[in-house]
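The values are calculated or read from the model by the stated rules, or taken from the named source; none is laboratory data. Note that the structure is a prediction, hence the values are computed from the model and not measured. For neighbour counting, all protein chains shown are included, and Cβ atoms are generated from backbone atoms with ideal geometry for every residue, glycine included. The area values use the complete protein model at the heavy-atom level, side chains included, leaving out ligands, DNA and RNA. Shrake-Rupley method; radii C 1.70, N 1.55, O 1.52, S 1.80 Å.
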Amino acid sequence: MANWQLAAMAILALLWPGTARCQLVQPSPQLKAAIASGNHPQIAQIALREMLACERQYASRPTVCTDLQLYAANSLAASGAIDAAERIARKTVAMHSVPGGDPRQLGTALIVLGNVLEAGQRYLEAEAVLRRTAALFNTPATPLESAIAQHNLAINLMRQGRYREADPLIRDAINTLDRARNAPATTRLRFMSTLASSLERQQRLNEAARVLVALTSEEQRVLGSRHFQLGLDLYKLAQIYLSQKKFAAVLPLAMRAHLILSESRGPGDGDTLLAVSAIAAAAAELGQVDDAIRYYRLAVAGLSRRYGTSHHSVGSARAGLAKALVLAGRTQEAEAVLQQAMPAFAALRPDHPMRLDAEQSLAMTLRHNARFPEARTAFRRAAAGIALRIRSYREFDAAARQELRERRFVFTGLVGTDWTLSRPR
């Protein structure tokens with residue numbers, strides 16, 4: 001389930017404590033069981049049935065049906081029925097916008113409306129709704145509500161690529177949450193995870209790593225040492241260290257993440273298998289080539305069963321396997337594996353890092369195998385993708401220069417291959 005769906009399902013219990021909730025018609029045990037299962041079409045069907053029955057029974061005071069309306073709107077949006085979800089959510093917002101209405105109920109309805117608009121990828125409209133929610137809850141009496149509203153607005157800005165605007169909102173949300181009484185510890189964990197994701201997207205990797213170290217420590221205390229969310233965040237931390245070339249730190253983190261995810265989600269789960277790929281990548285860089293090949297083969301087989309051979313995660317694992325085979329001196333085998341990997345990247349942008357890595361590896365392997373015409377074609381594709389990627393930076397800053405340095409072998413390889421092909425035979 002996506003983060004916005006989880007947040008929307010939890011929002012009612014978080015924001016409407018005590019007597020305010022007692023005044024509302026509550027979901028039936030059947031609807032509660034459907035909500036717990038995460039089966040959105042089933043939730044929508046039951047919630048709509050109970051909502052309509054409630055509105056008929058309480059026609060003179062429909063506000064008591066608010067819970068059911070919002071559950072219906074959220075589950076319809078998650079099922080793809082955006083128009084129907086929006087009609088219900090807007091009706092609920094209008095119902096609570098009258099003078100003397102309960103601001104908590106209005107704010108909760110606005111949050112769900114914002115979630116519905118985001119599900120329809122109408123991010124600017126959702127932003128306006130979420131800013132109204134944040135303003136509504138910006139009072140000393142509602143710190144929990146204010147924190148949740150700030151967090152939801154920050155996620156909206158992140159979806160628009162506006163990370164620098166989102167960061168202070170997330171930090172403010174965490175600080176506001178710390179002032180709230182009886183705020184669920186899991187809510188703070190979710191906010192920290194959002195902050196880490198924002199920092200990572202901005203390539204502020206040292207800051208992201210510090211947040212993830214603090215987050216995983218808190219998760220172990222709050223959720224326990226075997227919770228799947230801890231496994232996911234340990235994997236994220238391992239990925240950051242991998243990109244920073246801190247390979248000795250990657251291996252124990254990736255192995256622990258794999259153990260937790262394998263136990264909590266199963267050995268065939270996609271995230272479990274990505275952790276296997278991370279173990280393989282670290283092992284290869286640490287010179288444990290035979291282990292790396294073994295782990296990469298496990299990842300390729302498992303991800304192929306999970307997603308099909310054309311999925312980019314399978315292509316990435318194959319590209320990693322080829323790199324390990326090159327380190328083992330098995331370059332002909334590596335070339336064959338890379339040729340199998342390339343179709344999986346066809347749907348990605350030419351400047352996508354996964355595609356660039358694979359193109360670069362293929363070009364260098366072809367050159368090593370004296371396949372110079374094919375190598376030149378691969379080098380040219382990689383060079384064009386790198387040029388696109390560097391142009392995507394807003395300015396030629398330290399991050400852009402670092403990426404260009406790391407991919408310089410494409411350009412030197414292209415020049416060397418051209419020179420080789422130009423020599424008389």
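Tally the residues that are open to solvent by 50 Å² or more (accessible area, probe 1.4 Å), outside any loop (DSSP other than H, G, I, E, B) and in contact (Cβ under 8 Å) with a residue 24 or more places away in the chain, restricting the search to the range 230-252.
4
Let me confirm something: among GLU165, GLU125, which residue is over 22 Å from THR92 (Cβ atoms) and open to solvent by 20 Å² or more (accessible area, probe 1.4 Å)?
Only one candidate passes the filter, namely GLU165.
Could you grab me the full set of residues in the range 174-219 that are under 20 Å from the mean Cα position of the chain (by Cα), part of a helix (DSSP H, G or I) and modelled with pLDDT under 90?
The answer is ARG201, and nothing else.
Is at least one residue of the range 282-298 at pLDDT below 95, touching a helix residue (DSSP H, G or I) at 6+ places or on another chain (Cβ under 8 Å), part of a helix (DSSP H, G or I) and of a type in the set (Lys, Arg)?
Checked the range 282-298: no residue is at pLDDT below 95, touching a helix residue (DSSP H, G or I) at 6+ places or on another chain (Cβ under 8 Å), part of a helix (DSSP H, G or I) and of a type in the set (Lys, Arg).
For SER264, state whether it is over 24 Å from VAL337 (Cα atoms), part of a helix (DSSP H, G or I) and not charged (D, E, K, R).
Here the answer is yes, as SER264 does meet what is asked.
Of all residues being assigned to a helix (DSSP H, G or I) and of a type in the set (S, T, N, Q) in the range 151-162, which is surrounded by the most Cβ atoms within 10 Å (Cβ to Cβ)? Just the residue, please.
Across the range 151-162, the extreme among qualifying residues is ASN152.
Filter the range 65-89 down to the residues that are of a type in the set (Val, Ile, Thr) and either open to solvent by 10 Å² or more (accessible area, probe 1.4 Å) or outside any helix (DSSP H, G or I) (or both) and list them by number.
Listed by number, the residues that qualify are ILE82, ILE88.
Which condition number does THR331 fail, the rest of (1) over 27 Å from the mean Cα position of the chain (by Cα); (2) at pLDDT below 95; (3) open to solvent by 40 Å² or more (accessible area, probe 1.4 Å) being met?
Condition (3) is where THR331 drops out.
Give me a count of the residues in the range 141-150 that are out of contact with any Ser or Thr (no Cβ under 6 Å at 6 or more places or on another chain) and part of a helix (DSSP H, G or I).
Going through the range 141-150 one residue at a time, the tally reaches 4.
Step by step: first the residues of the range 328-370, then only those that are basic (Lys, Arg) and in contact with a helix residue (DSSP H, G or I) (Cβ under 6 Å, 6 or more places away or on another chain), then the one that is farthest from ALA292 (Cα to Cα). Which residue is that?
Across the range 328-370, the extreme among qualifying residues is ARG367.
Quick one: what pairs do we get from the range 164-181, first residue among the aliphatic types (A, V, I, L, M), second part of a loop (DSSP other than H, G, I, E, B), C-beta under 7 Å, 6+ apart or different chains?
LEU177/ALA183
Looking at (1) more than 28 Å from the chain's Cα centre (by Cα); (2) surrounded by fewer than 24 Cβ atoms within 10 Å (Cβ to Cβ), which one does THR92 not meet, given that it meets all the others?
(2)
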